[in-house]
Amino acid sequence: MIFYELFVRSFFDSNDDGIGDLNGITQKLDYLQTLGIDGIWLLPIMKSASFHGYTIIDFYSINPLYGNFDDLKKLIKIAHEKNIKIILDIPINHTSVKCQWFQKAINGDKKYVDYYVWQNEKTDINEKRHWDNSPIWFKYKDKYFYGLFGSSSPDLNFENPELWEEMRGIFKFWLDLGIDGFRLDAAKHIFDYNIEKGKFEYQHEKTIKFWKEMVDYIKSINENSIIVSEIWDSPEVVKKYHGLFDIEFNFPLSYEIKDAVKFQDPHLLVKGIKNTLSHYIKGNVESVSGNFLTNHDMNRLVSELNNDINKVKLAYSILFTLPGYQFIYYGEELGMKGLNLDVNFTEDSQEPFQWYENGFGPGQTEWKGCKYNPPYSNISYESERNDIDSLLNYIKTLIKFRKDNIWLSNARIDNIRNNRYFISYSLIGKNNKFDVYHNFKNQPININIKNTEIQLLNGSFVKNKNIIKLNGHSTIIIKNIKN
């Protein structure tokens, strides 16, 4: 499956207020279908005061800027008619301080006091977040609450069994509306504060127990629901959760692909494959690897690779020639730019999708100025749709290749080889085998192969008997009909 990560606010505006909305997505489903998308991952659409939507005010609502429940039902209905599934981002680790649960808690309602984590006699209110040294304890009126993700995001207390029941109700609510599944934000953070010890501490066993119960419950409502987990950590931690979710985001692999291309070092990709896709090497896949290059919390790919489109194309060639499912962040197919210079300020990587080269027109979102993707920068659907060499059309080619070879999602990886500037590996299915070659070098390289069935993904090559001269930053696939 090919998923498209979609930020509603930035995509397409149906009512001329400059903000993207659900009806706007419905109007552009043909674009997504033509691109080749199988599933849409909607970033949070619930009522929220934050631009990104990850601080929820009401889990049973839709942000009025995005539309209403009728708009969502229409979107789901038409998307399903086009064989596109929709999964919803659910950030249940915390709420907004404006959430009624929190407001009732701060005013002493016993039920809701127990929904959150508060300072106790063991608390060190000067404790910092381990990855960037930010505060994690915040004072509201006369009480300190635990907020790993910031001062407006009080963490929920999952030691409270009533909260588990509340979460079941939330999942059922959205499934009953027709949502096809969920992307589970910050999935490893359900139990990340040890109340007894009074300190930050991952408690993976408790978290796994929680998610097993929730996944079983979701599957009891819709056995075909799709559950995607965000566990942003080392391969060793991710492996603890293998088999629990349908799809696991593969963060380490995203870094290894980008670094390998950036530094022209295929050894980094070999390391990434062996460390994060070992289950595809051994052939014992429990959860599908969700492979991606960027998302809303990361630098956009073109900016990460210093505007080198050839390197960008190579990175996507690698992404689409590895087993698992692919996720594309909206606008990356155009080569949109953006840097996340601070984890707390991600607006610059979530700029409006550029439909028009001049920066305005029907449906163009304008909720923020475009710092990295200004008009007349040749980064727009209008400028790329008819350009045969554009990134947009190249990614469409990759998606078509992948959909023509669905077996690749579960392929076994074998024969990984590399030298200073190239890597090759085999992808093996029941009745198919592809040998893949990636050239990381700026200049052409010679590859000695005997097969004659060649599919070129980017660049060009010259064949002389058994020698193929593969141009820089290019990929070829040698097809074998049988293993």
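Table for the structure above
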| read-out | value |
| --- | --- |
| Chain lengthening between ILE221 and LYS74 when straightened (0.36 nm per residue, less Cα-Cα) | 50.8 nm |
| GLY338 long-range amide H proximity, modeled H, under 5 Å | ARG300, SER303 |
| Leading residue at positive end of dipole, the chain (Cβ point charges), from ASN299, PHE7, VAL238 | VAL238 |
| Rough spin-label spacing in nm, given labels placed 7 Å along Cα→Cβ, for ASN386 and ASN15 | 3.5 |
| 5 angstrom amide H check on ASP185, placed H, neighbours 5+ away | ILE90, ILE92 |
| Antiparallel bridge percentage (DSSP; both residues within the chain; nearest 5) | 60 |
| Calculated FRET value between TYR140 and ASN194, using beta carbons and R₀ = 30 Å, to 0.05 | 0.85 |
| Rounded tilt (10° steps) of 204-221 against the dominant C-alpha axis of the chain | 80 |
| Relative contact order computed over segment 142-235 (Cα-Cα under 8 Å; 6+ residues apart), in percent | 29 |
| Inter-site label distance for GLU162 and ASN410 at 7 Å from Cα along Cβ, in nm | 4.5 |
| Among 318-325, 439-446, 94-101, the order from most to least packed when residues are scored by Cβ within 10 Å on average | 318-325, 94-101, 439-446 |
| Distance cut-off 20 Å, percentage of C-alpha pairs in segment 102-220 lying past it | 47 |
| Solvent-accessible heavy-atom area per residue, rounded to whole Å², over the chain at 1.4 Å | 41 |
| Calculated FRET value between ASP342 and ARG129, using beta carbons and R₀ = 22 Å, to 0.05 | 0.95 |
| Accessible carbon and sulfur surface of segment 90-249 relative to its total accessible area, %, 1.4 Å | 48 |
| Positive-end residue of LEU148, LEU163, TRP131, charge dipole of segment 115-229 with Cβ unit charges | TRP131 |
| Potential lengthening between GLN443 and SER377 on full extension [0.36 nm per residue; Cα-Cα distance subtracted] | 21.0 nm |
| Per-residue [θ]222 nm for the chain (sum of -39500 (n - 2.57) over DSSP H runs n ≥ 4, rounded to 500) | -8000 deg cm²/dmol |
| Paramagnetic label zone (point 7 Å from Cα along Cα-to-C-beta, PHE51; backbone N under 20 Å) in segment 146-182 | 149-153 |
| Label-to-label distance, nm, for residues given as GLN119 and LYS104 (7 Å Cα→Cβ offset) | 2.5 |
| Charge dipole (the chain, unit charges on Cβ, about Cα centre) - positive-most of PRO323, THR365, PHE422 | PHE422 |
| Relative contact order (percent, whole number), the chain, Cα cutoff 8 Å, 6+ residue spacing | 12 |
| HN-Hα J in Hz across segment 164-178 - Karplus 6.51, -1.76, 1.60, θ = phi - 60°, x for Gly and Pro | 4, 5, 4, 5, 4, x, 5, 4, 5, 4, 6, 5, 5, 7, x |
| HN-Hα J in Hz across segment 351-360 - Karplus 6.51, -1.76, 1.60, θ = phi - 60°, x for Gly and Pro | 5, x, 4, 8, 7, 10, 5, 7, x, 8 |
| Dipole magnitude of segment 111-232, debye to nearest 20 (Cβ charges: Lys/Arg +1, Asp/Glu -1, about Cα centre) | 220 |
| The chain - charge dipole about Cα centre, Lys and Arg +1 at Cβ, Asp and Glu -1, debye rounded to 20 | 1920 |
| Tail beyond 33 Å, pair distance distribution of the chain (Cα, percent) | 40 |
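The values are calculated or read from the model by the stated rules, or taken from the named source; none is laboratory data. From a predicted model like this one, the values you see are computed outputs, not experimental measurements. Every residue, glycine among them, receives a Cβ derived from its backbone with ideal geometry; neighbour counts consider all protein chains shown. Please note that ligands, DNA and RNA were not included when accessible areas were found on the heavy atoms of the full protein model with its side chains. Shrake-Rupley method; radii C 1.70, N 1.55, O 1.52, S 1.80 Å.
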